[in-house]
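The values are calculated or read from the model by the stated rules, or taken from the named source; none is laboratory data. Owing to the predicted nature of the structure, the values given are computational and were not obtained by experimental measurement. Note that we place each Cβ from the backbone using ideal geometry, even for glycine, and neighbour counts take in every protein chain shown. Note: areas computed on protein heavy atoms with side chains; ligands, DNA, RNA excluded. Shrake-Rupley method; radii C 1.70, N 1.55, O 1.52, S 1.80 Å.
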Amino acid sequence: DRMRDHLVQDVVEVEPGSTDAVADELVSLGAQRISRVRNFVQAELPFDALATAAASPGVRWIRKPIYASPPEPNSPPTTKGLKVDQTTEGLAAMNATAWQTAGHTGAGIKIGIIDLEFGGYESLLGSALPPDSRVTYRGFGWVLLDTNEVHGTACAEIIHDLAPGAELYLAQVDTLTELLDAIDWLTANGVHVISKSMGWYGVGPGDGTGPIHDAISQNVQNNDTVWSVSAGNH
């Protein structure tokens, strides 16, 4: 599990209808940065409170979060940088210019981008990204904006190149619980197009099934959402 300030990050699966009661109990045990989504509560708990939390009414079990990337607490900072006002080569490859010329710019459409990293996005508002009035950012859990980590920002730039009139919702996540929270947030904001170019490790049996697949499939069926999901880099 990841630790910070003597707190360990965990996910508590709860009985249906017990989310708020369990979250309140965790607060009383000293938990911080609590996220409540569906039948899960993600929180940072004092290590010596884990046994008490596990025995609390409504708790099914406590486990470590499912991370989108392996924990690397002591990794050195990267040196990746932003390329401002670059146009994706995909624009020509997909003949997107013809669509834009015909008036199909994405105007009136909300697009969600789920990613691990959105470093530097604020410096690109109004240039390589839409203006501030058409970009909404939210970080879930304990994620932090690191100006050196720009993968999601680059994805947003590409989408803006293709659909320059669209409104973008940037959702920064790191765990499965945060992904579920982000999906619910995007749905609540009327987002029906979602891009997710990030991988997960050891979540399912390796045949495309598992909790990530289930979450996306449910969102597609219930909200008529179009997803663009990477197949993986490994």
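Is at least one residue of segment 105-119 assigned to a loop (DSSP other than H, G, I, E, B), touching a His at 6+ places or on another chain (Cβ under 8 Å) and either farther than 20 Å from residue 187 by Cα or not hydrophobic (A, V, I, L, M, F, W, C) (or both)? Yes; the residues of segment 105-119 include at least one that is assigned to a loop (DSSP other than H, G, I, E, B), touching a His at 6+ places or on another chain (Cβ under 8 Å) and either farther than 20 Å from residue 187 by Cα or not hydrophobic (A, V, I, L, M, F, W, C) (or both).
Filtering segment 120-132 to residues that are hydroxyl-bearing (Ser, Thr, Tyr) and either open to solvent by less than 40 Å² (accessible area, probe 1.4 Å) or in a loop (DSSP other than H, G, I, E, B) (or both) leaves 121, 127. Pairing each residue of segment 127-144 that is under 17 Å from residue 162 (Cβ atoms) with any residue that is among the small types (Gly, Ala, Ser) and surrounded by fewer than 16 Cβ atoms within 10 Å (Cβ to Cβ), provided the two are 6+ apart or on different chains, yields no C-beta distance under 6 Å.
When segment 131-163 is filtered for residues that are of a type in the set (Ser, Thr, Tyr) and either farther than 21 Å from residue 227 by Cβ or touching a Lys or Arg at 6+ places or on another chain (Cβ under 6 Å) (or both), the ones remaining, listed by number, are 133, 147. The residues in segment 11-54 that are part of a strand (DSSP E or B), farther than 21 Å from residue 138 by Cα and of a type outside the set (A, V, I, L, M) can be counted, and the count is 2. When segment 101-140 is limited to residues that are of a type in the set (Asp, Glu) and touching a helix residue (DSSP H, G or I) at 6+ places or on another chain (Cβ under 6 Å), the one that is nearest to residue 170 (Cα to Cα) turns out to be 115.
Pairs under 8 Å by beta carbon, first residue within 14 Å of residue 58 (Cβ to Cβ) in segment 20-41, partner of a type in the set (Lys, Arg) and open to solvent by 20 Å² or more (accessible area, probe 1.4 Å), six or more apart or different chains? Sorted first by the residue in segment 20-41, then by its partner, the pairs are 20/36; 23/36.
Only residues that are assigned to a helix (DSSP H, G or I) and of a type in the set (Val, Ile, Thr) were counted in segment 196-234, giving 3.
Residues in segment 178-234 that are among the acidic types (Asp, Glu) and under 14 Å from the mean Cα position of the chain (by Cα): how many? Final tally of qualifying residues: 3. Which ones in segment 175-200 are crowded, with 16+ Cβ neighbours inside 10 Å and within 18 Å of residue 39 (Cα to Cα)? Across segment 175-200, the qualifying residues are 175, 176, 177, 178, 179, 180, 181, 182, 183, 185, 187.
When 203, 226 are checked against the criterion of being touching a Pro at 6+ places or on another chain (Cβ under 8 Å) and surrounded by fewer than 20 Cβ atoms within 10 Å (Cβ to Cβ), 203 stands alone in meeting it. Just name the residue that is farthest from residue 185 (Cα to Cα) out of those in segment 129-151 that are among the β-branched types (Val, Ile, Thr) and over 15 Å from the mean Cα position of the chain (by Cα). Looking at residues that are among the β-branched types (Val, Ile, Thr) and over 15 Å from the mean Cα position of the chain (by Cα), I get 147.
Listed here are the residues, each with its yes/no results for (1) modelled with pLDDT under 95; (2) aromatic (Phe, Trp, Tyr).
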| site | (1), (2) |
| --- | --- |
| 130 | no, no |
| 137 | no, yes |
| 169 | no, yes |
| 175 | yes, no |
| 183 | no, no |
| 192 | no, no |
